[in-house]
Amino acid sequence: ISNFKIIESTLREGEQFANAFFDTEKKIEIAKALDEIGVDYLELTSPAASEQSRNDCKAISSLGLKAKILTHVRCHMDDAKLAIDTGVDGLDVVIGTSSYLREFSHGKDMDYITNKAIEVISFIKEKGLEVRFSTEDSFRSDLVDLLSIYKAVDKIGVNRVGIADTVGCANPRQVYELVRTLRSVVSCDIECHFHNDTGCAIANAYAALEAGATHIDTSVLGIGERNGITPLGGLLARMYAADKEFVMNKYNLTKIRDVENVVADAVEVTVPFNNYITGYCAFTHKAGIHAKAILNNPSTYEILKPEDFGMSRYVSIGHRLTGWNAVKNRIEQLQLTDLKDEDAKVVTQKIKELADVRPLSLDDVDTLLRHYHNAKNEGVH
Ligand code: HCA
Ligand code: CU
């Protein structure tokens, strides 16, 4: 995978998260923080949703950010007209194509949908804006229907087609197959959108890129409808592992934590303990065997370099799994330089005995080390 683009949808999909309420000021703060990371696009809630949403499209479009601004609209002329007047760079048009949505949501057949799509896309293109056409619930849509509508919109010059796993049912192999097939049918770019109901949102995004997709939808911390979509930080971690050069040159990874904190605060959640990159223990090493190797060479047990993300590594030593190499490292940090390897081993045994009874803080460990150090020095004099 040599290239990919991020369509950051915290200000659209993310607004569909249960706790989300973003006023204009907060949206601008989030937009600027995402722009600093260097995401390629920001996707905003439809101006047809509410008066404030329409004003927010205008406000964010006029900030002069590096990221292109998109808004997400239904496949209707009314919505498209409203959106064009907000000053956005492009429109992400969507319509449901699965039998569920055709029967229980909008009630339209594929001929109607295709004609409507052509009308709306042609109109947006005439106005000189970028346009993407996507099918909601793509993985439960008929493959022949999907390919024929994508072909039709590709022919009239749509910039991108989109695949959406609206219900989070897809697995990486299915994603690979569908994107691969689509890649051979259209010549435009391919965007993918994955919900995370069954925990595949990052893996699916990766499989899509491997199969020839060009754009991935994300949100900060993955927030969105239900349990959300591909998280921005998690996708960047995955792509860093795949092509570090590209990701580090293109995106400002040290800003991920800032935007996550802003969003977590705004939607009143905490960053999960096991979050990619920024979870509180993402760079904490514990077992003695790990600690020893990490201190010799961090790459032994780290695929992500914490410093590349503005984070730092922590070696935990106050527990029964500890080892003397890690304790010795702490001795050096505390500059108790007259303690030797044998001393580190003695204190390590002491730590293990105590830690079998109760958890120890780093402070407890330091106290043990200082006592031992003082006792040893008194013994000498
Ligand atoms: C939704 C719409 C959407 C749209 C994705 C897209 C989805 O159901 O809220 O525009 O590609 O998941 O299908 O977010
Ligand atoms: Cu969605």
Starting from the exponent 0.38 and prefactor 2.2 Å, build the expected Rg for the range 109-159 from its residue count and divide its actual Cα Rg by it.
1.12
Report, largest value first, the span of the C-alpha coordinates of the range 218-260 along each principal axis, in whole Å.
34, 21, 11
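Within the chain, what percent of beta bridges assigned by DSSP are antiparallel, to the nearest 5?
Details: 1 of 38 bridges.
The answer is about 5 percent antiparallel.
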Which whole-number percent gives the relative contact order of the chain, counting Cα pairs below 8 Å spaced six or more residues apart?
14 percent
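Ranked highest first by the average count of other Cβ atoms within 10 Å around their residues, in what order do 361-371, 82-92 fall? Intermediate results must be reported in sequence, preceding the final value.
Values: 361-371: 14.9, 82-92: 20.5.
Descending mean neighbour count gives 82-92, 361-371.
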Based on the alpha carbon coordinates of the range 170-215, what radius of gyration and maximum Cα-Cα distance (Dmax) apply, in Å?
9.9, 31
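How would you rank 327-335, 106-114, 286-294, highest first, on the average number of other Cβ atoms within 10 Å across their residues?
Details: 327-335: 16.8, 106-114: 13.7, 286-294: 18.6.
The most tightly packed comes first, giving 286-294, 327-335, 106-114.
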According to the Kirkwood expression over distinct Cα-Cα pairs, how big is the hydrodynamic radius of the chain, in Å?
23.1 Å
C-alpha long axis of helix 324-333 to longest principal axis of the chain, angle in °
90 degrees
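Eigenvalues of the Cα gyration tensor times 5, then square-rooted: what semi-axes does that give for the range 290-381, in whole angstrom, largest first?
Details: eigenvalues 133, 45, 26 Å².
They are 26, 15, 11 Å, listed largest first.
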At q = 0.22 1/Å the base-10 log of I(q)/I(0) from the Debye formula over the alpha-carbon atoms of the range 68-142 is -0.92
Scattering profile of the range 138-244 from the Debye formula, Cα beads only, expressed as log10 I(q)/I(0) at q = 0.11, 0.15 Å⁻¹, is -0.31, -0.58
Using Cα centres only, tell me the gap between the range 72-136 and the range 1-50 in whole Å.
20 Å
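Output needed for the range 235-341: three equivalent-ellipsoid semi-axes, defined as square roots of 5 times the C-alpha gyration tensor eigenvalues, in descending order, whole Å. Provide the component values of the computation, followed by the final result.
Working: eigenvalues 181, 59, 29 Å².
Result for the range 235-341: semi-axes of 30, 17, 12 Å.
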List the residues whose amide H sits under 5 Å from the amide H of Tyr314, counting only those 5 or more places along or on another chain, with H placed 1.01 Å from N in the peptide plane.
Thr284, His285
Compute the acute angle (0 to 90°) between the alpha-carbon long axis of helix 51-61 and the principal axis of greatest extent of the alpha-carbon atoms of the chain; round to the nearest 10°.
70 degrees
What are the ³J(HN,Hα) values, in whole Hz, obtained from phi via the Karplus relation 6.51 cos²θ - 1.76 cosθ + 1.60 with θ = phi - 60°, for each residue of the range 292-308 in sequence order, with x given for Gly and Pro?
4, 5, 4, 5, 6, 7, x, 5, 3, 10, 9, 8, 9, 7, x, 5, 5
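Which order, highest average first, do 222-231, 195-204, 267-276 follow once you tally other Cβ atoms within 10 Å for each residue and take the mean per peptide?
Values: 222-231: 24.1, 195-204: 21.2, 267-276: 15.0.
The most tightly packed comes first, giving 222-231, 195-204, 267-276.
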In debye, nearest 20, what is the charge dipole magnitude of the chain about its Cα centre with +1 on Lys and Arg Cβ and -1 on Asp and Glu Cβ, if you could check?
880 debye
Compute the Kirkwood hydrodynamic radius of the range 49-173, taking the inverse of the mean of 1/r over all pairs of distinct Cα atoms, and give it in Å to one decimal.
15.1 Å
List every residue whose amide H lies under 5 Å from the amide H of Val73, counting only residues 5 or more places away in sequence or on a different chain, with H placed 1.01 Å from N in the peptide plane.
Asp92, Val93, Val94
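How big is the charge dipole of the range 198-346 about its Cα centre, in debye rounded to the nearest 20, if each Lys and Arg gets +1 on its Cβ and each Asp and Glu gets -1 on its Cβ? Show your work: numbers first, answer last.
Working: 15 positive and 17 negative charges, 78 e Å.
Here the size comes out at about 380 debye.
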Considering the options Val346, Tyr301, Val179, tell which one lies farthest towards the positive end of the dipole of the chain, charges being +1 on Lys and Arg and -1 on Asp and Glu at the Cβ, about the Cα centre.
Val346
Listed by chain and number, the residues whose amide H is under 5 Å from that of Leu11, excluding neighbours fewer than 5 places away on the same chain and using placed H, are Glu43
Candidate aspartates and glutamates for bridging to Lys26, where Cα separation is under 16 Å - those fewer than 8 sequence places away on the same chain excluded
Glu8, Glu13, Glu15, Asp35, Glu36, Glu43, Asp56, Asp258, Glu260, Asp265, Glu268
In square nanometres, what is the average projected area of the Cα convex hull of the range 298-346?
4.4 nm²
Lys/Arg Cβ at +1, Asp/Glu Cβ at -1, dipole of the range 318-381 taken about the Cα centre: which of Thr337, Pro359, Tyr372 is farthest positive-ward?
Pro359
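We did not get these values from a lab; they are worked out from the coordinates using the rules stated. Because the structure is a prediction, the values reported are computed rather than measured. All Cβ positions, glycine included, derive from the backbone under ideal geometry; neighbour counts span all protein chains shown.
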